[in-house]
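To keep things clear, I will list the structure first and then write my remarks on it.
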Amino acid sequence: MATTKTTAKKATTKKTAEKKPVEKKTVAKTATKTTAKKTATKPVKTEVVVKKAVKAKAEKVVELKDLKAAVEQAAAPAEKKVEEAPVKREPKKDKFGRAFAAGKRKDAIARVWLKLGKGKITVNGQDVNTYFARPVLQMIINQPFVATSRVGQYDVECTVRGGGLSGQAGALRHGISRCLDAFEPDLHSVLRKGGFLTRDSRAVERKKYGKAKARRSYQFSKR
């Protein structure tokens, strides 16, 4: 029995010994196949990576070109605007060839009609020199004509209400200036520089309770 066991063991060991080299060969074959595949696939991967990089660069270049085109398009209208000539204002006149405007100063409001003439100015149906007898007020009214070199070239008709004589004179000057701006738009810059088109917002400060006037206090009495 012992001899049969030993012989069986020897036979099995021989078989295993014979089988083992075959397994090594198969392993070696599979290893060579996988390495060959890897080596075959490596160049393909590198080619794909290179192609992707080239595409990305091309896209970047296209984007830069698009940016340049967008910048040029954005800059083009600005240049055109600079080249375009400024639009000239047209004179505003009614069917009688008159320009109308309202002037204000303090509590006074003047409605003024201006047309070509010989320099006659009527205020509330009266001549200027009779309505505004003070030379200072007459000088204030004629200031727009003097600044624009249009003395004696326009006739003025106006109605004034509210306020005192100084306020009415300021309102009339404001109305005449606005009429000249409407009748001759080219005079706008001269009138604007002289400050004739701005409404003078100065007014009397209101009285406060406990005071005689806006700031004036009552006389102090110790006893």
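See the values below:
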{"read-out": "Sorted peptide list for 175-182, 116-123, 205-212, criterion being average Cβ within 10 angstrom, highest first", "value": "175-182, 116-123, 205-212"}
{"read-out": "Heavy-atom accessible surface of the range 100-165: percent carbon and sulfur, 1.4 Å", "value": "53 percent"}
{"read-out": "Separation in nanometres of the label points that stand 7 Å from Cα toward Cβ, at T198 and Q153", "value": "2.6 nm"}
{"read-out": "Volume of the Cα convex hull of the range 153-208, divided per residue and given in Å³", "value": "100 Å³"}
{"read-out": "Label-point gap, in nm, between K213 and K88 - each point 7 angstrom along Cα→Cβ", "value": "5.1 nm"}
{"read-out": "Additional length obtainable on full extension of the chain from E72 to A133, 0.36 nm per residue less Cα span", "value": "15.4 nm"}
{"read-out": "Shape category assigned to the range 101-188 from the gyration tensor of Cα positions, a/c cut at 1.5", "value": "prolate"}
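The values are calculated or read from the model by the stated rules, or taken from the named source; none is laboratory data. Please read these numbers as outputs of a predicted model, since none were measured by experiment. When we count neighbours, we look across all protein chains shown, and the Cβ atoms used for this are built from the backbone with ideal geometry, even at glycine. Just the protein is used for accessible areas: all its heavy atoms, side chains included, with ligands, DNA and RNA removed. Shrake-Rupley method; radii C 1.70, N 1.55, O 1.52, S 1.80 Å.
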